[in-house]
1. Determine if segment 120-133 includes at least one residue that is more than 21 Å from Ala186 (Cα to Cα), free of Cβ contacts under 8 Å to residues at least 60 places away in the same chain, in contact with a helix residue (DSSP H, G or I) (Cβ under 9 Å, 6 or more places away or on another chain) and surrounded by 18 or more Cβ atoms within 10 Å (Cβ to Cβ).
2. Looking at Ser150, Ser170, which is the one that is within 27 Å of Glu112 (Cβ to Cβ) and either among the hydroxyl-bearing types (Ser, Thr, Tyr) or under 15 Å from the mean Cα position of the chain (by Cα) (or both)?
3. State whether one or more residues within segment 142-151 are outside any helix (DSSP H, G or I), under 22 Å from His179 (Cα atoms), modelled with pLDDT of 95 or more and of a type in the set (Lys, Arg).
4. Just checking, which of Pro138, Pro164, Pro149 is touching a Ser or Thr at 6+ places or on another chain (Cβ under 9 Å) and without any contact (Cβ under 8 Å) to a residue 24 or more places away in the chain?
5. Please enumerate the residues belonging to segment 48-57 that are surrounded by fewer than 24 Cβ atoms within 10 Å (Cβ to Cβ) and in contact with a helix residue (DSSP H, G or I) (Cβ under 7 Å, 6 or more places away or on another chain).
6. Please work out if Ser77 is among the small types (Gly, Ala, Ser) and closer than 23 Å to Asp119 by Cα.
7. Please go through segment 105-141 and pick out each residue that is assigned to a helix (DSSP H, G or I), hydrophobic (A, V, I, L, M, F, W, C) and farther than 17 Å from Val21 by Cβ.
8. Pick from Ala102, Ala81: which is farther than 17 Å from Ala190 by Cα, under 21 Å from the mean Cα position of the chain (by Cα), in a loop (DSSP other than H, G, I, E, B) and modelled with pLDDT of 95 or more?
Amino acid sequence: MSDPALSTPPADLFSVAGKTVVVTGGTRGIGHMIAAGFVAAGATVIVASRKAHAVQATVAELSDFGACSGFAADLSSEEGARQLADAVSAHHGRVDVLVNNAGATWGAPLAEHDTASWDRVLNLNVQGVFHTTKFFLPLLEAGATADQPSRVINIGSIDGIHVPVLESYSYSASKAAVHQLTRHLAKRLAPTITVNAVAPGPFESKMMAATLEAFGDQIAAAAPLERIGRPDDMAGVAIFLASRAGSYLTGAVIPVDGGIATTA
């Protein structure tokens, strides 16, 4: 029997079945974890990546478990973001969840951090999030109501919350910008679209591979929860934010890091 205080049955509280979800950078790392989680949970998932062969491989893999398609797109330019939105709109009348995950990192000593490295990181990590959200607004608004809002989930980083050990100046600045952009968009797009950010800590991904190979044991030991993040940790928070359970949350930045940033 359902709790009479709950307007949504507990079994449906975290359901994303039937939702249409776009995951940028969805072919590897954190984006792949999120895309796979949504597919397994019954959503229709569209992955995007700059590399067409990576999109094809991911679609072939995830289609064994549910509905998955994809498009190649370079989201570091405004036109690339527009083209992705146009491609999705040609096949889908609405998007319920947009996950802005596509991103780049860079680390170098202070004296070697040049304009090109800043442009490469900020164009994708910040402008890419902004322009992709902007062009997806008609699709996000198509099925949205104040009671059942569409969702934008931006992937930030704990490096945008605390000062990282590595000299990744453009990356940490870009992720702090993503967190503030999340808050700004949340205010602008309410009440029919929620906008939240997830700030991952250490997860096994291509972006983190070198760091984890060199310092993985130390990073895990330093985390209060004493481990590296797992795919279901990332899929779980994204599904929460996209479900009825997360529908009263907007403008939040959620660290998913085993307590590294929040207890330092």
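The values are calculated or read from the model by the stated rules, or taken from the named source; none is laboratory data. Note that the structure is predicted; figures quoted are calculated from it, not measured. FYI the Cβ positions are ideal-geometry reconstructions off the backbone, even for glycines, and counts take in every protein chain you see.
1. Yes, segment 120-133 contains at least one residue that is more than 21 Å from Ala186 (Cα to Cα), free of Cβ contacts under 8 Å to residues at least 60 places away in the same chain, in contact with a helix residue (DSSP H, G or I) (Cβ under 9 Å, 6 or more places away or on another chain) and surrounded by 18 or more Cβ atoms within 10 Å (Cβ to Cβ).
2. Ser170
3. Yes: one or more hits.
4. After applying the criteria, what remains is Pro164.
5. none
6. yes
7. Passing the criteria: Leu110, Ala111, Ala116, Trp118, Val121, Leu122, Leu124, Val126, Phe130.
8. Exactly one of Ala102, Ala81 is farther than 17 Å from Ala190 by Cα, under 21 Å from the mean Cα position of the chain (by Cα), in a loop (DSSP other than H, G, I, E, B) and modelled with pLDDT of 95 or more, namely Ala102.
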